[in-house]
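The next block holds one structure in the form of structure tokens; read it before the comments.
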Amino acid sequence: MAQQQVLRLGLGLNIQRSDGRIHSAVVSGLNEAQQSITVEWFEGGETKGKEVEVETVLALNENMLPPSDWAGFEQYQPPKPAPPVQPPAQSRIPLAQKQNFPAQTPADPSKRKSQCVKEIDKIKKNREERRQRVNQNNGGGDIDPSNPNWEFAQMIEDYRHELDASPVSFANQIVRDHRICVCVRKRPINKKEKKAKTVDVVTLPSLESMTVHEPKLKVDLTKFLENHNFHFDYTFDENIDNATVYKFTAQPIIRTIFDGGFATCFAYGQTGSGKTHTMGGDFTGKEQDFSAGIYAMAARDVFDLLRSTHYSQLDLKVSCSFFEIYGGKVYDLLAKRAKRRVLEDGKSVVNVVDLKETPVLSVNSVLNAIKDGSAVRTSGQTSANAHSSRSHAVFQIILRTTRGKLHGKFSLIDLAGNERGADTSSANRATRLEGAEINKSLLALKECIRAMSMKAMHIPFRASKLTQVLRDSFIGEKARTCMIATCAPGQNSVECTLNTLRYADRVKELGPGSKPGKPAPPLPDIENNDNDLAYMHQSLRSQGINCGELWVRA
């Protein structure tokens, strides 16, 4: 038997490859913590190496001993050598015996596992144990282990269980008065999301707060949640109907138009999040019940106030107009989608030339006008929604005196869905241009509300056609605005939901009643500003926002 040697750097020994081959190598490193060594050899014109456990090396090299100072090997006894096997006289001698290598059977695969493989097995074992605990805790109930996102679902359920919050209820809630009201509405999980086993990642801890659970993975593939908290004037969950949303948002500002002011209510959110449902009404298949939307509810209250003793003496006449803004152009939806021009007269009053105003005498006539206009509104297909509204729909209820003088105006706006550039990257050029124009007008709208809330000397309403036709809604002490941000609760929409809530949070942060500790930065002082788009860019840069990231490249 060969003389025994202690493992050390530079020592030559035999190793076995994963394919069963046995050849010589040189020790290049010792790892006492992992009880392994690193070996190198020259093959195919290059130096190769691998990490091998000491037990495997000792089993293959009978004349080797572990380092004497390594814990766990003090009592190590090398195995007794096996009796040599004499090959038959006429058989070929194996290559390993020609090189004086002892004939060995392949080592046990469990002994050849690297530390990385062991860690993976450990993670797999822990995962199976967690699944068993989940089944035991739920009694095989709400959490479906076959769902690929069941771990995220369990984390969210645990978070909601730990919340010290009462169920959200608007039964005894008092309607507050806001010059700028910002609220958020969460829609239910739809059939498509249920079929895909999408996890609900939106939680409403209270009537004024919302939490979005963003699923994430660590470097070692450990799953965790990043919770984003937002605060608004009101937050509505998926169980709240349109009537309750209307009661706390659009209804409190209707009296503004009877007092000679301008009111604006608009729905904002990603495509498919429920904006048209909120403003227009419930859908039954492809048919929409316009009597259950904010359009019809506002018209109903306008006629009720018109007949009240307080306002009946004003002798006001009611009319309505309905138009859309698509691609920076205005189309009259009550005149078979005829194209209209937007001009500003010498008194700085913005007019939509030849826009049709239809006199209405009842709620039914208003509903007929809404139905006719919605039938010709522009829609299209996107990656997020098969029937996406691709234009801003503006429905206006107008009060005029018997002499035709404008007394007040209520603008109800169903905005086009905001989109990320990634959502339109696979679309054609026209769709990408649509998305760019939509995002530009939404950005301009936020800046106008910001300037309105701060009572700025200049309001950049010329930055887009949307803000230009709504100029009257941003000026004067009697202008009031309500924003309804709609969000989808599914895990696949979490990025768009966060973008929507950050947009709404920015609007509310800059409005009256802002959260303490986050003062709004002052608007930049620009003299002789004739370019509102440049003004808007400079205003955003003063807040540390890179405007270049907000546009969709055509």
### Task
Would you list the strands (runs of 3 or more DSSP E) that sit entirely within region 1-58 and hold 1 or more residues that are at negative phi, charged (D, E, K, R) and surrounded by fewer than 17 Cβ atoms within 10 Å (Cβ to Cβ)?
36-43, 46-53
### Message
Condition first: in a strand (DSSP E or B), open to solvent by 10 Å² or more (accessible area, probe 1.4 Å) and modelled with pLDDT of 90 or more. Now tell me which residues in region 354-395 satisfy that.
### Response
358, 359
### Summary
Note on region 231-249: residues in contact with a Gly (Cβ under 9 Å, 6 or more places away or on another chain) and either within 13 Å of residue 203 (Cα to Cα) or outside any helix (DSSP H, G or I) (or both) are 233
### Query
For region 360-377, which residues satisfy the criterion of being in contact with a helix residue (DSSP H, G or I) (Cβ under 7 Å, 6 or more places away or on another chain) and basic (Lys, Arg)?
371
### Query
Quick one: in region 279-306, which of the residues that are among the hydroxyl-bearing types (Ser, Thr, Tyr) and touching a Gly at 6+ places or on another chain (Cβ under 7 Å) is least open to solvent (accessible area, probe 1.4 Å)?
295
### Evaluation of residue 347 against (1) surrounded by fewer than 19 Cβ atoms within 10 Å (Cβ to Cβ); (2) within 30 Å of residue 431 (Cβ to Cβ); (3) not polar (S, T, N, Q) (one fails), failing number
(2)
### Query
How many residues does region 166-201 hold that are modelled with pLDDT under 80 and under 20 Å from residue 489 (Cα atoms)?
3
### Query
What pairs come up if the first residue lies in region 28-49 and is touching a residue at least 40 places away in the same chain (Cβ under 8 Å), the second is in a strand (DSSP E or B) and open to solvent by 60 Å² or more (accessible area, probe 1.4 Å), and their beta carbons are under 9 Å apart, counting only those six or more places apart or on different chains?
34/51; 36/30; 36/51
### Summary
Quick count over region 245-278, residues being open to solvent by less than 40 Å² (accessible area, probe 1.4 Å) and among the charged types (D, E, K, R), is 1
### Summary
Reported set for region 190-211 where residues are open to solvent by less than 40 Å² (accessible area, probe 1.4 Å), in contact (Cβ under 8 Å) with a residue 60 or more places away in the chain and not acidic (Asp, Glu) is 198, 199, 201, 202, 210
### Query
Hey, residue 170 hits all of (1) open to solvent by less than 20 Å² (accessible area, probe 1.4 Å); (2) within 30 Å of residue 124 (Cβ to Cβ) but one; which does it fall short on?
(2)
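The values are calculated or read from the model by the stated rules, or taken from the named source; none is laboratory data. Predicted model, so just to flag it, every value in this text is computed and none were measured. Reconstructed Cβ throughout: ideal geometry from the backbone, glycine too, with neighbour counts over all protein chains shown. SASA here: full protein model, heavy atoms, side chains in, ligands and nucleic acids out. Shrake-Rupley method; radii C 1.70, N 1.55, O 1.52, S 1.80 Å.
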